[in-house]
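**Student:** Got a structure for you, questions after.
The values are calculated or read from the model by the stated rules, or taken from the named source; none is laboratory data. Note that this is a predicted model, so its numbers are computed, not measured. Note that each Cβ is placed from the backbone with ideal geometry, even for glycine, and that neighbours are counted across all protein chains shown. With ligands, DNA and RNA removed, areas are computed over all heavy atoms of the protein, side chains included. Shrake-Rupley method; radii C 1.70, N 1.55, O 1.52, S 1.80 Å.
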Amino acid sequence: QVQLVESGGGLVQAGGSLRLSCAASGSRFRINAVGWYRQAPGNERELVARIIRGGSTNYADSVKGRFTISSDNAKNTVYLQMNSLKSEATAVYYCKADTINGGYWGQGTQVTVSS
């Protein structure tokens, strides 16, 4: 089992910034990668950014250059820095940890961008 707790969501004006945190605990298995996903009402959940053990990252085209994913291994925490936010970024943001035992999701944090 892996417990993931997201935080940092909230209401922000378009053009503003937020930093999301995903804190992991309780993992019996090595976490190989952590991804941030988002789901807006009526839409499917989509990958926003992902970081692989070793530091490789990948991003959705829609957020490249504005969002940055990073990790602090000492704190077992992955961050998503979101800059120049647009209204279409409004969604529930989830983090997911990938292990050899499968994927584990957090409960999500709401991000609302007002235009």
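**Student:** Examine region 12-22 for a residue that is buried (at least 16 other Cβ atoms within 10 Å of the Cβ), at pLDDT 95 or above and over 23 Å from Gly103 (Cα atoms), and state whether such a residue exists.
**Tutor:** Yes, the conditions are met somewhere in region 12-22.
**Student:** Okay, next question. Just for region 44-54: of the residues that are under 20 Å from Asn101 (Cα atoms) and not aliphatic (A, V, I, L, M), which one is least open to solvent (accessible area, probe 1.4 Å)?
**Tutor:** The qualifying residue least open to solvent (accessible area, probe 1.4 Å) is Arg50.
Every residue, every condition in (1) open to solvent by 50 Å² or more (accessible area, probe 1.4 Å); (2) closer than 13 Å to Thr112 by Cα; (3) of a type in the set (Phe, Trp, Tyr); (4) touching a Ser or Thr at 6+ places or on another chain (Cβ under 9 Å), yes or no:
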site	(1), (2), (3), (4)
Gln1	yes, no, no, yes
Ala24	no, no, no, yes
Gln39	yes, yes, no, no
Gly42	yes, no, no, no
Ala74	yes, no, no, no
Tyr79	no, no, yes, yes
Leu85	no, yes, no, yes
Lys96	no, no, no, no
Thr99	no, no, no, yes
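**Student:** Taking the conditions exactly as written (within 13 Å of Tyr37 (Cβ to Cβ), of a type in the set (S, T, N, Q), within 14 Å of the chain's Cα centre (by Cα) and surrounded by 13 or more Cβ atoms within 10 Å (Cβ to Cβ)), does Thr90 satisfy them or not?
**Tutor:** Answer is no for this residue.
**Student:** Restricting to region 1-17, name every residue that is assigned to a strand (DSSP E or B) and either touching a His at 6+ places or on another chain (Cβ under 9 Å) or more than 30 Å from Phe29 (Cβ to Cβ) (or both).
**Tutor:** Passing the criteria: Gly10, Leu11, Val12, Gln13.
**Student:** Within region 55-63, identify whether any single residue is open to solvent by less than 80 Å² (accessible area, probe 1.4 Å) and farther than 23 Å from Gly103 by Cβ, and answer yes or no.
**Tutor:** no
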